[in-house]
Amino acid sequence: MTVKTMQHFLTMEELTPDTLDALLQLAHDVKQSPQSFATALTGKKVALLFEKASTRTRMSFEVGVVELGGYPLFLSGQDLQIGRGEPLTDTIQVMSRYVDALMIRTYAHETVETLAQHGTIPIMNGLTDLHHPCQVLADLLTIEEQFGSRSGKVLTYIGDGNNMAHSLMIGGALSGMHIRIASPNGYTVDQAIYENAQKLAQTTGGSIKLFDDPALAANEADIVYTDVFASMGQEEEADERLMKFAGFQVNSNLMALAKTDAIFLHCLPAHRGEEVTANVIDGPQSWVFDQAENRLHAQKALMLTLLT
C-alpha cells in the first residue's frame, strides 16, 4: 500500500485520517515483510542531523535507511558549519544538492520550518521542543497491534505538556481517539496546538481533554502514557519539576484505575522512581520495548512515503 506523497513531515498535521491509515498499514507491511522493501531506497542518501543526543532516533533511522537499501549520513551539529554560525538557509540549500532527504533532531521548532521552507528535499522532524511526530507514528502502530484499531480508544498522557503531549493530541485526533492530558498547573500544553487538535478531533469522532488530576484522567483508560518530568535541556529545572510533578507518577495504583487490559507506554528514556515505577514499566502491561522497536518500522514507512 502506498500513501499520497507528502513533501515534509514536521508535526503530523501534514496527514489526514486516510493518509495516516495508509502510512500505518505500510508500516505493518514493512514489519511483516522487510525483505520486500530491501532495495526500495537504492541510490538514495539520507542525512541524519543531530543537534540533540539520541539513542532510539539515531539507531532506528540509521538502521532503517540501510534496511531499505539507502545510504545514511550521520551528522552532528558541532561537526557542521552551522555550529559556527552558518545560516540554516545556506546549509539546507547545499544539503539539497548532496542528499535526497534530511532527518533532524533539534531544539527550536522554527529550525525545521526554516529548513523545509528553503530546501528542496523532504525534511523529517526527529524531535523538536514543540513536536515529536515520529515517536507518535510508532505509538499508534503499537496501539493498533495491541487493540486491532485506534478509533475510540482512550489514551491518557500524564506529565509535562511537552512535545510528546502535543504530537499525541494531533495523532490521536487524526485517529478518532479520546486523548486526555493530565499536567500540573503551569506545565500544560500549548494552547494553539490544543485548540487545533480539538477542532480536528471533532471531525473524526475523537476528543481532546485537559486534566489537572491524573487519577481522574486515568479512569477506564485503554492506554496510559508518560514521559520524563525534565527533558533534555531542562536539567537545571529538574529538582523544581520533581516537586511540582509530585502526584503525577504512573504507579500500580494509577494503573489500577485504567481498564484491566490497559497498556503502558513511554517514549524512553525512563527514570524509574520518578515519572514511573519499576513495577509498571517492567511489568506485564508495559509495551515500551515493542513501542521502541516500532520506531524502526514506522520510520521506514515514512521514508518510503517521502522518497519513493
Does region 72-154 classify as rounded, prolate or oblate by the C-alpha gyration tensor (a ≥ b ≥ c root eigenvalues; a/c under 1.5 gives rounded; else a/b over b/c gives prolate, otherwise oblate)? prolate
Quick one: angle between helix 56-67 and the longest Cα principal axis of the chain, in degrees between 0 and 90, rounded to 10, please. 40 degrees
Listed residue (G161, S149, G247) projecting farthest to the positive dipole end of region 135-291, Cβ model: S149
About its Cα centre, region 19-131 carries a charge dipole, from +1 on Lys and Arg Cβ atoms and -1 on Asp and Glu Cβ atoms, whose size in debye to the nearest 20 is 260 debye
Value of Rg/Rh across the chain [Cα atoms, Kirkwood radius]: 0.96
In units of 2.2 N^0.38 Å, the Cα radius of gyration of region 152-308 is 1.02
Starting from the Kirkwood Rh over alpha-carbon pairs, what translational D in µm² s⁻¹ does region 127-225 have by Stokes-Einstein at 37 °C and 0.692 mPa s? 252 µm²/s
Between helix 133-147 and the chain, what is the angle of the helix's C-alpha long axis to the longest principal axis, kept within 0 to 90° and rounded to the nearest 10? 60 degrees
Quick check: from the Cα gyration tensor, does region 111-167 come out rounded (a/c under 1.5), prolate or oblate? oblate
Can you tell which of E13, E86, E113 shows the greatest fluctuation in a Gaussian network model of the chain with Cα springs below 10 Å? E86
16 Å Cα cut-off, lysine pairs counted over the chain (separation 8 or more, or different chains): 7
Using label points projected 7 Å from each Cα along Cα→Cβ, tell me how many nm separate S252 and D239, to one decimal. 3.2 nm
Got the relative contact order for the chain handy, in percent, Cα pairs under 8 Å and 6 or more residues apart? 20 percent
Using only the alpha-carbon atoms, how far is helix 109-118 inclined from the longest principal axis of the chain? Give it as 0 to 90 degrees, nearest 10. 30 degrees
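Each reported figure results from applying straightforward, stated rules to the coordinates on display, with no laboratory input. What you see is a predicted model, and the numbers here were worked out from it, not measured in a lab. Note that we place each Cβ from the backbone using ideal geometry, even for glycine, and neighbour counts take in every protein chain shown.
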